[in-house]
Each structure stands twice: as C-alpha cells, then as structure tokens.
Amino acid sequence: MSIEAATLYVVATPIGNLGDWTARAREVVAAVDVVAAEDTRHTAALLAHFGIRAQLLSLHEHNEEARIHTLLERLQGGASVALVSDAGTPLISDPGYRLVAAVRAAGLRVTPVPGPSALTAALSVSGLPTDRFVFEGFLPARSASRRERLTAIADETRTLVFYESAHRIHDSLHDMAEVFGPAREAVVARELTKTFEEIAADRLGGLLNWIVGNEYRQKGEFVVLVHGAEPVERELLDDRDLRTLTTLAAELPLKQAVRLATAITGRPKNLLYERALQLRSESPTEE
Ligand code: SAM
C-alpha cells in the first residue's frame, strides 16, 4: 500500500476482538516510518499477533508535549507517522489531541484510519435515541465532583454517553440514579466485542440492582448510556396574569408582588418570580 510522506495517520485499533482490526489499519501501521503508541508494550503485543514489525515511540498523557517536538521534526523531514492508542480510536478519552492540533497547525497532513470505538459500538446497540447524543467521557473520580457534573447535565435532552471503569461503575450508577432519578432509562454496555459482553437495558434503579446482584458484572470495561431528560415545556403567562404581575411589581417590593400575584393568579411562584425579575431589569430605574 502507498503511504504518503510527511503525514500523520490516526489509526483505530480493536476494543477487544482482534478480528475487528481493519486491513487498512494493519497495512498503514506496517508501512509507516514510526508508530506513536500510548503504551508501546501493549501495541507491540498487538503488532506481534499480526506479525507486524514497526518502530514504536511512546506517546502518552505525560509525555505528549515533549513528543510533539520530536514527531513534528520527523514529519517535517518527510517521515510518515501512525498514532495508535491501547484500544479504540485515538483522542476519544485517549491521548493525541495536542499532537493532532500541532501537526495541523504546522500545515502538515493528518488523515484518519477509522475503526472501532467503544462510544459508537455502545450507541449502535443501545436502543436509545442516537440522532443526537452527548459524549461525557469519564466522570470525575470524587463523588462530590461527580454529582456536581451530573447535576449540571440533568436537564440535557440528548442521549448521554459515559465511559466508566470497573472500580467506579457501582458508585457512578448509584450517583446517576440519585441525580437523574431511578426511573430514567439507561443502558450499561460491558466488555463489548469480548467473550463476556453484556448489554443491559433498564431504568437506572434496575441497573444499579443488576450491577450489585453479581460481583462479576462489576469487572471489565463499561459504557453507560442514559436517555436524555424529557424536554420541559416553558410555561408562559397569559396577558391577564402578566398584567396582574406588572401592576403589583410596579407598586410593591418584588417578593411581596410575587406572593400576591401567586395567590391571585394561581400560577407557579417560580415562574412569576422569574418574570418579575425580568420586568424589573427591563424597566428604567427611577430617579
Ligand atoms: N479510545 C477508546 C475508544 O475509542 O473507545 C477509549 C479509551 S478509554 C481510555 C477506555 C474506556 O473506554 C474504558 O474505561 C471503557 O469505559 C471504554 N471501553 C473501551 N473498551 C471497551 C469495551 N470493550 N467495552 C466497553 N467499554 C469499553
């Protein structure tokens, strides 16, 4: 196969089943001058399985900045480079973003050799809406920060996708059930493409019981997909309610005006409060 000089190939590798490694990916990795790999021992084992010999250079979270310089020099000198991570598509919760940005900024070619990713594999079998989705990657490790993040996205209407590790799957599902509510539909995709693959669909409360019910289920690699929140209809005030609120707000302190308007109109207090704040910010301040 013909390999372009001075080009960075971003190459996906299998997420479990080695049969998923594409013919083009193998050809590219075998033909380039350098393979930049997240963990060179891991990649060496993959290459050995396919009888491929390559010059490996480590590129991981902690040395990416330093490696950019070396790799840019090689590329500028005409070398071809393949970037691979331990599993799946590089840059998807894996290193490589800074390298790709630097290579593109230097005006050099970056080209994908697409293939497996746990993100798309899980979405494709989840049965949850896939027309729009949000990839959240890994949640924070600490429970307080995790809950904070979950709270910030609790009203998101698109399908949510999370990556999770074996030692946090239980705690994350627990926090999701608390923050999103136990009735929210979700899917846990475990060990995709591997021997013990499992795809469990239930409400978050049910999935929490499912994971607790068998300690083997807490082992392996996980993608958690959560149905988006139901869209909240923005309530509007009709003309009469708005007139009542406007009149009261013009004469009384804000809280008192809202309290009376709630009693008179029977509309939700927070809706009236929000509108009263808006009215106040729109009206010119009195001299
Ligand atoms: N770059 C990879 C990709 O494209 O999917 C993801 C790398 S990230 C460091 C590793 C995480 O991906 C795991 O903790 C898990 O959440 C998810 N993952 C990877 N392989 C998986 C598999 N076979 N089944 C389920 N989840 C997997």
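The values are calculated or read from the model by the stated rules, or taken from the named source; none is laboratory data. Predicted model, so just to flag it, every value in this text is computed and none were measured. Don't worry about glycine lacking a Cβ; one is built from the backbone with ideal geometry, like all the others, and counts go over all protein chains shown. Note: areas computed on protein heavy atoms with side chains; ligands, DNA, RNA excluded. Shrake-Rupley method; radii C 1.70, N 1.55, O 1.52, S 1.80 Å.
Quick one: which helices (runs of 4 or more DSSP H) sit completely within the stretch 184-287 and have at least 3 residues that are closer than 24 Å to residue 153 by Cα and of a type outside the set (Phe, Trp, Tyr)? I'd like the intermediate steps shown before the answer.
Values: elements: 204-212, 239-251, 254-265, 269-282.
Hits in the stretch 184-287: 204-212, 269-282.
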| remark: Among 197, 215, the single one that is more than 18 Å from residue 150 (Cβ to Cβ), within 16 Å of the ligand (Cβ to nearest atom) and of a type outside the set (Ser, Thr, Tyr) is 197
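Conditions (1) surrounded by 12 or more Cβ atoms within 10 Å (Cβ to Cβ); (2) among the aliphatic types (A, V, I, L, M); (3) under 18 Å from the mean Cα position of the chain (by Cα), marked per residue:
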{"position": "51", "(1), (2), (3)": "no, no, no"}
{"position": "69", "(1), (2), (3)": "no, no, no"}
{"position": "76", "(1), (2), (3)": "yes, no, no"}
{"position": "80", "(1), (2), (3)": "yes, no, no"}
{"position": "84", "(1), (2), (3)": "yes, yes, no"}
{"position": "87", "(1), (2), (3)": "yes, yes, yes"}
{"position": "107", "(1), (2), (3)": "no, no, no"}
{"position": "110", "(1), (2), (3)": "yes, yes, no"}
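In this structure, is residue 118 farther than 23 Å from residue 3 by Cβ and open to solvent by less than 40 Å² (accessible area, probe 1.4 Å)? Let's see the steps before the verdict.
Working: farther than 23 Å from residue 3 by Cβ: yes; open to solvent by less than 40 Å² (accessible area, probe 1.4 Å): yes.
In short, yes.
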| query | Can residue 177 be described as at pLDDT 95 or above, under 22 Å from residue 146 (Cα atoms), near the ligand (Cβ under 10 Å from one of its atoms) and small (Gly, Ala, Ser)? | reply | no
| field | Residues that are open to solvent by 40 Å² or more (accessible area, probe 1.4 Å) and away from the ligand (no atom under 14 Å from the Cβ), drawn from the stretch 151-169 | value | 151, 152, 155, 156, 157, 158
| note | Of the residues in the stretch 27-47 that are among the acidic types (Asp, Glu) and outside any helix (DSSP H, G or I), the one that is surrounded by the most Cβ atoms within 10 Å (Cβ to Cβ) is 38
| request: State which residue pairs qualify: first residue part of a loop (DSSP other than H, G, I, E, B) and inside the stretch 1-25, second residue within 13 Å of the ligand (Cβ to nearest atom) and open to solvent by 50 Å² or more (accessible area, probe 1.4 Å) in any location, beta carbons under 6 Å apart, and separation of 6 or more residues or different chains. | output: 12/114; 14/20; 16/194
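Here are some residues: 108, 91, 83, 46. Which one is touching a strand residue (DSSP E or B) at 6+ places or on another chain (Cβ under 9 Å), within 16 Å of the ligand (Cβ to nearest atom) and more than 27 Å from residue 135 (Cα to Cα)? Walk me through how you get there before you give the answer.
Details: 108 fails: within 16 Å of the ligand (Cβ to nearest atom); 91 fails: more than 27 Å from residue 135 (Cα to Cα); 83 fails: more than 27 Å from residue 135 (Cα to Cα).
Of 108, 91, 83, 46, the one residue that is touching a strand residue (DSSP E or B) at 6+ places or on another chain (Cβ under 9 Å), within 16 Å of the ligand (Cβ to nearest atom) and more than 27 Å from residue 135 (Cα to Cα) is 46.
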| message | Where the second residue is of a type in the set (Asp, Glu) and away from the ligand (no atom under 16 Å from the Cβ) and the first is over 19 Å from residue 119 (Cα atoms) and open to solvent by 50 Å² or more (accessible area, probe 1.4 Å) and lies in the stretch 214-229, which pairs have Cβ atoms under 7 Å and are six or more apart or on separate chains? | response | none
| Failed item, numbered, when residue 55 is tested on (1) open to solvent by less than 40 Å² (accessible area, probe 1.4 Å); (2) farther than 12 Å from residue 84 by Cα; (3) touching a strand residue (DSSP E or B) at 6+ places or on another chain (Cβ under 6 Å); (4) of a type outside the set (Asp, Glu) | (1)
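What do you reckon, is residue 124 open to solvent by 20 Å² or more (accessible area, probe 1.4 Å), not charged (D, E, K, R) and not in a loop (DSSP other than H, G, I, E, B)? Talk me through it step by step, then tell me what you get.
Working: open to solvent by 20 Å² or more (accessible area, probe 1.4 Å): yes; not charged (D, E, K, R): yes; not in a loop (DSSP other than H, G, I, E, B): yes.
Judged against the criteria, residue 124 is a match.
Restricted to the stretch 136-150, and to residues that are open to solvent by less than 70 Å² (accessible area, probe 1.4 Å) and in contact (Cβ under 8 Å) with a residue 12 or more places away in the chain, which residue is nearest to residue 229 (Cα to Cα)?
Applying the first criterion (open to solvent by less than 70 Å² (accessible area, probe 1.4 Å)) to the stretch 136-150 yields 136-137, 139-141, 143-146, 150.
Add one more test, that the residue is in contact (Cβ under 8 Å) with a residue 12 or more places away in the chain, and what stays is 136-137, 139, 141, 143, 146, 150.
Details: 136: 15, 137: 18, 139: 18, 141: 24, 143: 22, 146: 18, 150: 12 Å.
Checked the stretch 136-150; the qualifying residue nearest to residue 229 (Cα to Cα) is 150.
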